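Student: The structure under discussion is supplied below as structure tokens; questions concerning it will follow.
The values are calculated or read from the model by the stated rules, or taken from the named source; none is laboratory data. All values reported here derive from a predicted model rather than from experimental measurement. So basically every Cβ, Gly included, is an ideal-geometry build from the backbone, and we count neighbours across all protein chains shown. The protein model used for the area step is the full one, side chains on, heavy atoms only, and it has no ligands, DNA or RNA in it. Shrake-Rupley method; radii C 1.70, N 1.55, O 1.52, S 1.80 Å.
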Amino acid sequence: MESKENNTTGELVSVIMPSYNSSRFIAESIESILRQTYTQLELLITDDGSTDNTVEIIQAYIQKDSRIRLFTQKDNMGAGHARNHSIKEARGRYIAFCDSDDTWLPHKLEKQLAFMKENGYCFCFSSYFVGDESGNRTGIVIAPSSVTLSDTKRDDKIGFLTAIYDTSAHGKFYMPTLRKRQDWAYVLLILRKCRKAYSLKEPLACYRRSRGSISSNKLSLLKFNAQVYQTVFGYSTLHSYCYLSGLFLPTYTMKVINNWITNLRYRKNYRALK
């Protein structure tokens, strides 16, 4: 495996991080990016109108590491707007994502980029741990070996904090500015071009499940899932809800059951990796 010294001539990776009142967790998230063994990266943070000291925390890290770039939005416009601003400013060949309360394992970029380059893939993701607000690992989500547009249309199987795509294949993609579920819509847009995304089974990130977060209650997002079908595929409201009830909900239910079984089998072993 390449060392930090040996991989400094690689392709630049632009890491996209939106922030909003993230003072509790953003330092840990930033540090997980800066600790990557693959060092040719830039971290682009667009703050979405925070009213706490999130911006001050980011600015303190900028003084320590010039790879961080900060942009600010006066008004809170949503994560889609914040991510799009960073994507517009991104200079890297590869685009990756990490939210301001999630973290990456140190070899995440190195392993995923090697996997993509070796196989000629333009879109990659991985398994990931699930943690609580204190950072304790409470579970794991095992990624499928690959997903297609049809698979992902039925249910989002890509952990967005693990997603990386190669802009040299189809250029940059910009996120629909839906207030919620814009990350799933974004994945669908990429898959319309890349056709298939491939995964590493090894967990390479940790998703923090926070109380009150937008994604903490998946079932509450159903109406926003319908909006994704309308935005990405141009479906009518009726068509969207028919697809949602007939295909999305059964697929999502099976995923929840499979994840529950997986965690029963694997939790004890993966806890040993802490």
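Student: From Phe123, Phe160, grab the single residue that is open to solvent by 10 Å² or more (accessible area, probe 1.4 Å), at pLDDT 95 or above and of a type in the set (Phe, Trp, Tyr).
Tutor: On inspection, the qualifying residue turns out to be Phe160.
Student: Checking Arg93 against (1) of a type in the set (Lys, Arg); (2) at pLDDT below 95; (3) under 26 Å from Ser127 (Cα atoms), only one condition comes out false. Which one?
Tutor: (2)
Student: If I go through the stretch 16-57 residue by residue, how many of them are more than 16 Å from Leu161 (Cα to Cα), open to solvent by 50 Å² or more (accessible area, probe 1.4 Å) and either touching a Cys at 6+ places or on another chain (Cβ under 6 Å) or not basic (Lys, Arg) (or both)?
Tutor: The number of residues fulfilling the criteria is 7.
Student: From (1) within 20 Å of the chain's Cα centre (by Cα); (2) surrounded by fewer than 23 Cβ atoms within 10 Å (Cβ to Cβ); (3) more than 19 Å from Pro203 (Cα to Cα), pick out the condition that doesn't hold for Ala60.
Tutor: If we test Ala60 against (1) within 20 Å of the chain's Cα centre (by Cα); (2) surrounded by fewer than 23 Cβ atoms within 10 Å (Cβ to Cβ); (3) more than 19 Å from Pro203 (Cα to Cα), just (1) comes out false.
Student: Still on this model: Say we look at the stretch 103-114 and pick out the residues that are out of contact with any strand residue (DSSP E or B) (no Cβ under 8 Å at 6 or more places or on another chain) and assigned to a helix (DSSP H, G or I); which of these is surrounded by the most Cβ atoms within 10 Å (Cβ to Cβ)?
Tutor: Result: Glu110.
Student: Could you check, for the stretch 217-225, whether at least one of its residues is modelled with pLDDT under 95 and either assigned to a loop (DSSP other than H, G, I, E, B) or β-branched (Val, Ile, Thr) (or both)?
Tutor: yes
Student: Return a yes/no flag: does the stretch 183-190 have any residue that is open to solvent by 10 Å² or more (accessible area, probe 1.4 Å) and touching a residue at least 60 places away in the same chain (Cβ under 8 Å).
Tutor: Checked the stretch 183-190: at least one residue is open to solvent by 10 Å² or more (accessible area, probe 1.4 Å) and touching a residue at least 60 places away in the same chain (Cβ under 8 Å).
Student: What's the number of the condition Ala169 fails, among (1) assigned to a helix (DSSP H, G or I); (2) at pLDDT 95 or above; (3) among the small types (Gly, Ala, Ser)?
Tutor: (2)
Student: Next question, about the same structure. Can you find even one residue in the stretch 226-240 that is of a type in the set (Phe, Trp, Tyr), assigned to a helix (DSSP H, G or I) and either modelled with pLDDT of 90 or more or within 17 Å of Gly131 (Cβ to Cβ) (or both)?
Tutor: Looking through the stretch 226-240, at least one residue is of a type in the set (Phe, Trp, Tyr), assigned to a helix (DSSP H, G or I) and either modelled with pLDDT of 90 or more or within 17 Å of Gly131 (Cβ to Cβ) (or both).
Student: OK, next. Residue under question is Asn76, and the condition is that it be within 25 Å of Arg181 (Cα to Cα), in contact with a Gly (Cβ under 8 Å, 6 or more places away or on another chain), part of a loop (DSSP other than H, G, I, E, B) and open to solvent by 10 Å² or more (accessible area, probe 1.4 Å); does it hold?
Tutor: Judged against the criteria, Asn76 is a match.
Student: Inside the stretch 79-102, can you point out the residues that are open to solvent by 20 Å² or more (accessible area, probe 1.4 Å) and either polar (S, T, N, Q) or not in a helix (DSSP H, G or I) (or both)?
Tutor: Asn84, Arg91, Arg93, Asp99, Asp101
Student: Next question, about the same structure. Take the residues in the stretch 145-166 that are within 16 Å of the chain's Cα centre (by Cα) and assigned to a loop (DSSP other than H, G, I, E, B), then tell me which one is farthest from Ile261 (Cα to Cα).
Tutor: Ala163
Student: Need the failing condition index for Arg69 against (1) part of a loop (DSSP other than H, G, I, E, B); (2) in contact (Cβ under 8 Å) with a residue 24 or more places away in the chain; (3) farther than 20 Å from Gln182 by Cβ, just the number.
Tutor: With (1) part of a loop (DSSP other than H, G, I, E, B); (2) in contact (Cβ under 8 Å) with a residue 24 or more places away in the chain; (3) farther than 20 Å from Gln182 by Cβ applied to Arg69, the lone miss is (1).
Student: Right, something else. Note down all Cβ pairs under 8 Å where the first residue falls in the stretch 233-251 and is among the polar types (S, T, N, Q), the second is open to solvent by less than 50 Å² (accessible area, probe 1.4 Å), and they're at least six residues apart or on different chains.
Tutor: Hits for this filter: Thr237/Ala226; Ser240/Ala226; Ser240/Tyr229; Thr251/Asp155.
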